[in-house]
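The values are calculated or read from the model by the stated rules, or taken from the named source; none is laboratory data. Every value quoted in this text rests on a predicted model; they were computed, and no experiment measured them. Cβ sites come from the backbone with ideal geometry, for glycine too, and all protein chains shown count toward neighbours. Each accessible area value is taken on the protein alone, full model and side chains, heavy atoms only, with ligands, DNA and RNA left out. Shrake-Rupley method; radii C 1.70, N 1.55, O 1.52, S 1.80 Å.
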Amino acid sequence: MLLDVTKNLLEGFAVSCQIFGGTLVFGIPLGLLVAFGSMNRWAPFKRTVKAEGRFASVLRSFKPIAFIVRVFIWIIRGTPLLLQLIVIFFGAAILIGHAVFDRVTAAIVTFSINYACYFAVIFRGGIEAVPKGQFEAGLVLGMTRAQIFTKVTLLQLIKRIMPAMSNEIITLVKDTALARIIGVTEIIYYGYRYVTAQALIWPLFYTGVFFLAFVGALTLLFAYIERKLDYIKIL
Amino acid sequence: MKILEVVGLGKKFDGFEAVKDVSFSLESGEVLAVIGASGSGKTTLLRCLNFLETPESGKIIVKGKTIFDAESQTGYSDSQIRKNRLHFGLVFQSFNLFPQYTALKNVTLACELLARSEPGFKMDKVEILAGIEGNAREILDSVGLSDRLNHYPHQLSGGQQQRVAIARALALHPDILCFDEPTSALDPELTGEVLKVIRSLAAKQTTMIIVTHEMSFASGISDKVIFMDEGAALAQGSPKEILCDSSNARIQAFLRKIDVADGE
Ligand SMILES: Nc1ncnc2c1ncn2[C@@H]1O[C@H](COP(=O)(O)OP(=O)(O)OP(=O)(O)O)[C@@H](O)[C@H]1O
Ligand SMILES: [Mg+2]
């Protein structure tokens with residue numbers, strides 16, 4: 001019996017891990033892109049609008065790319081992940097007339113977009129917190145913006161955002177369970193089946209142990225990374 | 001030969017003129033001290049020379065070549081600006097060392113990145129990198145830090161950090177090295193070691209522009225002094241002319257204020 005339950009739960013856990021890993025792999029780069037988008041300073045009316053007055057000055061400082069990205073972040077953070085899963089999976093299928101994604105892919109896509117928006121806000125905070133002098137020192141030394149980002153800013157950024165990112169990533173582990181709404185057979189799906197079909201409770205606790213072990217491992221990993229970055233003392 | 005000529009340089013922030021029509025020139029090996037009250041535009045002037053700000057008017061000519069002209073029709077691309085910047089070095093008031101790198105790596109980083117973008121880099125990678133490191137060690141030695149190569153910035157005193165910052169700027173061999181109040185973030189007992197390094201650079205004929213509130217240092221080291229007032233270069237001349245013999249009321253008032261502050 002125990003072996004049977006373990007096998008089933010492991011099967012579900014593998015699916016949970018797919019969603020988790022996929023979300024990190026796609027969500028983090030996407031989050032960085034969204035972060036840069038939300039900080040984009042392109043202001044097409046800055047020089048063209050010469051008029052006086054409140055409206056003209058608002059127009060001059062209007063940054064369309066940053067605005068659109070920030071509205072997007074608002075929508076994604078402002079609506080439930082559950083709703084987004086349903087919209088992406090069923091909504092897309094209805095619009096196109098047949099299933100676009102398989103269930104796990106739909107979950108990974110939705111989770112990546114959703115988490116990217118949370119990551120983006122963390123990244124933006126981290127980038128803005130790195131002192132401007134670091135960037136200027138790089139410029140004066142003839143570095144390109146890309147070099148400054150990768151060689152100077154990035155590591156300081158990672159150090160600054162580790163605590164907030166570890167929170168998000170641990171939340172993500174547990175959020176993967178939401179994918180069940182579109183029929184993804186993740187770990188809780190199996191645990192729940194034992195309750196409904198066989199009136200067994202202990203597999204539920206066993207399911208919890210999987211989460212605890214996984215989050216425990218992540219916690220150790222984060223502690224290790226933070227220790228590794230300990231030599232950087234942000235001045 | 002004139003190494004630097006600045007003609008009619010001006011910079012506005014939202015209509016406020018932080019630097020107004022500043023002109024001066026420097027011969028190779030000369031040291032220029034820039035003095036003036038807080039808010040008179042000294043930092044902004046240095047930032048314009050290093051293209052951290054884009055001037056609205058004026059020209060910057062280095063070794064006879066116009067590297068910046070506000071009237072230019074074509075403007076300047078990022079890579080042009082980056083190249084032009086390398087004529088100048090800038091040492092910041094607050095050091096701005098990179099905290100994740102050792103003193104040595106702080107000095108070599110920019111040189112390595114520049115070398116990497118050269119076409120022949122892959123062929124002689126090992127030699128080039130060794131050359132860069134040798135150069136950095138030598139420079140760090142010359143600022144008295146040969147025993148601190150592998151220390152991180154937070155393991156160094158303020159004076160040592162500022163000397164690493166000077167070494168970092170020197171490693172790129174700029175034509176003109178600029179200092180923005182290099183000692184004003186330091187405890188008084190640490191300013192001496194930094195000023196000594198700057199004096200030794202002057203002895204080696206390094207062309208420098210130094211913004212400073214240390215009047216005795218300025219008069220001792222400089223060949224020329226510019227007094228800035230409300231963005232304009234109100235007076236320029238030899239240290240003696242500006243710091244001792246000036247009859248200008250604003251300069252006298254400024255020097256008196258500094259004296260009082262020093263006396264405290
Ligand atoms: N980025 C900016 N935006 C708006 N105004 C600025 C900016 N930078 C400088 N200023 C203004 O320009 C003027 C000159 O500033 P600057 O920093 O060059 O003075 P300073 O001579 O270096 O003063 P201090 O001795 O205090 O360092 C000041 O009035 C300042 O408020
Ligand atoms: Mg200043």
Among the residues of the range A:34-48, write down those that are without any contact (Cβ under 8 Å) to a residue 60 or more places away in the chain and open to solvent by 30 Å² or more (accessible area, probe 1.4 Å).
A:PHE36, A:ASN40, A:ARG41, A:TRP42, A:PRO44, A:PHE45, A:LYS46, A:ARG47, A:THR48
When the range A:137-154 is checked residue by residue, the ones that are at the interface with chain B (Cβ under 7 Å from one of its Cβ atoms) and either assigned to a helix (DSSP H, G or I) or open to solvent by 40 Å² or more (accessible area, probe 1.4 Å) (or both) are A:ALA137, A:LEU139, A:VAL140, A:GLN147, A:LYS151, A:VAL152
For B:PHE68, are the conditions met, namely being among the aromatic types (Phe, Trp, Tyr), surrounded by fewer than 18 Cβ atoms within 10 Å (Cβ to Cβ) and more than 16 Å from ligand 2 (Cβ to nearest atom)?
no
Look through B:GLY75, B:GLY41, B:GLY8 and report the one residue that is out of contact with any His (no Cβ under 7 Å at 6 or more places or on another chain), at pLDDT 95 or above, small (Gly, Ala, Ser) and away from ligand 2 (no atom under 16 Å from the Cβ).
B:GLY8
Only unsatisfied item for B:VAL164, checking (1) part of a helix (DSSP H, G or I); (2) within 22 Å of B:LEU4 (Cβ to Cβ), is (2)
Whichever residue in the range B:37-56 is more than 19 Å from B:GLY15 (Cβ to Cβ) and over 17 Å from the mean Cα position of the chain (by Cα) and, among such residues, is surrounded by the most Cβ atoms within 10 Å (Cβ to Cβ)
B:ALA37
Qualifying positions in the range B:197-216 - surrounded by fewer than 20 Cβ atoms within 10 Å (Cβ to Cβ) and either within 16 Å of ligand 1 (Cβ to nearest atom) or closer than 16 Å to B:LEU255 by Cβ (or both):
B:HIS213, B:MET215, B:SER216
Taking B:LEU186 as meeting all but one of (1) more than 16 Å from ligand 2 (Cβ to nearest atom); (2) among the hydrophobic types (A, V, I, L, M, F, W, C); (3) open to solvent by less than 60 Å² (accessible area, probe 1.4 Å), write down the number of the exception.
(1)
If B:ILE176 meets every condition in (1) open to solvent by 10 Å² or more (accessible area, probe 1.4 Å); (2) in contact with a helix residue (DSSP H, G or I) (Cβ under 9 Å, 6 or more places away or on another chain); (3) closer than 20 Å to B:LEU46 by Cα; (4) away from ligand 2 (no atom under 16 Å from the Cβ) apart from one, which number is that one?
(1)
Based on what the data block shows, is A:TYR206 touching a Pro at 6+ places or on another chain (Cβ under 9 Å) and either in contact (Cβ under 8 Å) with a residue 40 or more places away in the chain or crowded, with 19+ Cβ neighbours inside 10 Å (or both)?
no
Give A:LEU229, A:LEU157, A:LEU200 a once-over and let me know the one that is over 22 Å from A:VAL15 (Cα atoms) and outside any helix (DSSP H, G or I).
A:LEU200
I'd like to check which helices (runs of 4 or more DSSP H) are fully inside the range B:1-120 and have at least 2 residues that are in contact with a Gly (Cβ under 9 Å, 6 or more places away or on another chain) and within 15 Å of ligand 1 (Cβ to nearest atom).
B:42-49
Please determine, by comparing only the residues of the range B:65-120 that are over 19 Å from A:GLY142 (Cβ atoms) and within 17 Å of the chain's Cα centre (by Cα), which one is farthest from the other protein chains (Cβ to nearest Cβ).
B:GLN93
Does B:LYS59 satisfy the criteria of being within 16 Å of ligand 2 (Cβ to nearest atom), of a type in the set (D, E, K, R) and either in contact (Cβ under 8 Å) with a residue 40 or more places away in the chain or open to solvent by 30 Å² or more (accessible area, probe 1.4 Å) (or both)?
no
Is it true that A:VAL5 is of a type in the set (Val, Ile, Thr), open to solvent by less than 40 Å² (accessible area, probe 1.4 Å) and over 14 Å from the mean Cα position of the chain (by Cα)?
yes
Over the range B:130-173, the set of residues within 13 Å of chain A (Cβ to nearest Cβ), open to solvent by 60 Å² or more (accessible area, probe 1.4 Å) and either of a type in the set (Lys, Arg) or free of Cβ contacts under 8 Å to residues at least 24 places away in the same chain (or both) is B:GLN155, B:HIS173
Just one listed residue, out of B:VAL194, B:VAL225, is in a strand (DSSP E or B), open to solvent by less than 20 Å² (accessible area, probe 1.4 Å) and away from ligand 2 (no atom under 16 Å from the Cβ), and it is B:VAL225
Being closer than 16 Å to A:GLY37 by Cα and surrounded by fewer than 15 Cβ atoms within 10 Å (Cβ to Cβ) is the filter here, so list the residues in the range A:78-130 that pass it.
A:GLY125, A:GLU128
